[in-house]
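Note sheet for the following structure.
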Amino acid sequence: SSDVCSSDLKTVQLLSNPQMIEDIRFSEKGLPGPDRWQRKEPFSFLMDPARLEANEKEYLKGLENEDMKPEEKEALAKSTANSFSGMAFWPRLILDEAGEIVVMSRGPLGEHQKSHWQTLLALMTPTPVPVKAGSTLKITERADLQSDILSAAKYELDGMIVA
């Protein structure tokens with residue numbers, strides 16, 4: 001579906017609290033030029049027990065009308081809620097210097113809300129990887145920034161789950 005972030009379709013749930021990945025200020029001089037850039041320290045995403053539990057309930061609610069045995073629904077909701085597929089990215093645009101005019105495609109903690117700005121899910125594994133509460137996902141980010149404005153920047157994400 002092209003409407004992944006609508007309030008009634010919640011198939012992309014977050015496993016941890018969101019973090020800012022990029023902060024681009026187009027009004028400032030000195031925007032990064034063409035080069036290979038790599039973040040020095042990996043991002044750390046803690047698998048939040050409260051989020052995993054809430055996700056399981058959300059997935060179970062989504063299976064209400066499916067023709068499955070209750071224990072099958074519960075097992076599917078649990079395995080889905082406790083698995084990692086990729087990174088979710090969405091924009092937050094600050095349109096004035098004071099930071100008072102803000103366009104948010106998701107809530108401050110990544111909550112779903114109606115928006116025409118899509119959440120991008122960058123799949124990082126061919127099949128979902130099981131996670132558990134308290135595990136940490138470490139992500140290293142690299143980018144190749146191009147000098148030709150018609151050439152897209154190329155991003156690489158590497159991750160590992162630490163128990």
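None of 113, 146, 118 is more than 22 Å from residue 13 (Cα to Cα) and among the polar types (S, T, N, Q) except 146. Residue 64 passes every criterion in (1) open to solvent by less than 100 Å² (accessible area, probe 1.4 Å); (2) more than 30 Å from residue 149 (Cα to Cα); (3) part of a loop (DSSP other than H, G, I, E, B) apart from (1).
Whenever a residue of the range 94-112 is open to solvent by 40 Å² or more (accessible area, probe 1.4 Å), its partners that are among the charged types (D, E, K, R) and in a strand (DSSP E or B), lying with C-beta atoms within less than 9 angstrom and at least six residues away or across chains, give the pairs 102/92; 103/92; 104/92; 108/92.
Among the residues making up the range 25-50, those that are in a loop (DSSP other than H, G, I, E, B) and either open to solvent by 90 Å² or more (accessible area, probe 1.4 Å) or on the phi > 0 side of the Ramachandran plot (or both) are 25, 26, 27, 28, 29, 30, 32, 40, 41.
Go through the range 15-66 and give me each residue that's touching a helix residue (DSSP H, G or I) at 6+ places or on another chain (Cβ under 7 Å) and closer than 17 Å to residue 130 by Cα.
Taking the range 15-66 first, the residues touching a helix residue (DSSP H, G or I) at 6+ places or on another chain (Cβ under 7 Å) are 15-16, 52, 55-56, 59-60, 63, 66.
Matches in the range 15-66: 15, 16, 52, 55, 56, 59.
In the range 67-89, of all residues being without any contact (Cβ under 8 Å) to a residue 24 or more places away in the chain, not in a loop (DSSP other than H, G, I, E, B) and not charged (D, E, K, R), the one that is least open to solvent (accessible area, probe 1.4 Å) corresponds to 77.
The values are calculated or read from the model by the stated rules, or taken from the named source; none is laboratory data. Please read all numbers here as calculations on a predicted model, not as lab measurements. Because the Cβ atoms are built from the backbone with ideal geometry, glycine has one as well, and the counts that use them run over all protein chains shown. Each accessible area value is taken on the protein alone, full model and side chains, heavy atoms only, with ligands, DNA and RNA left out. Shrake-Rupley method; radii C 1.70, N 1.55, O 1.52, S 1.80 Å.
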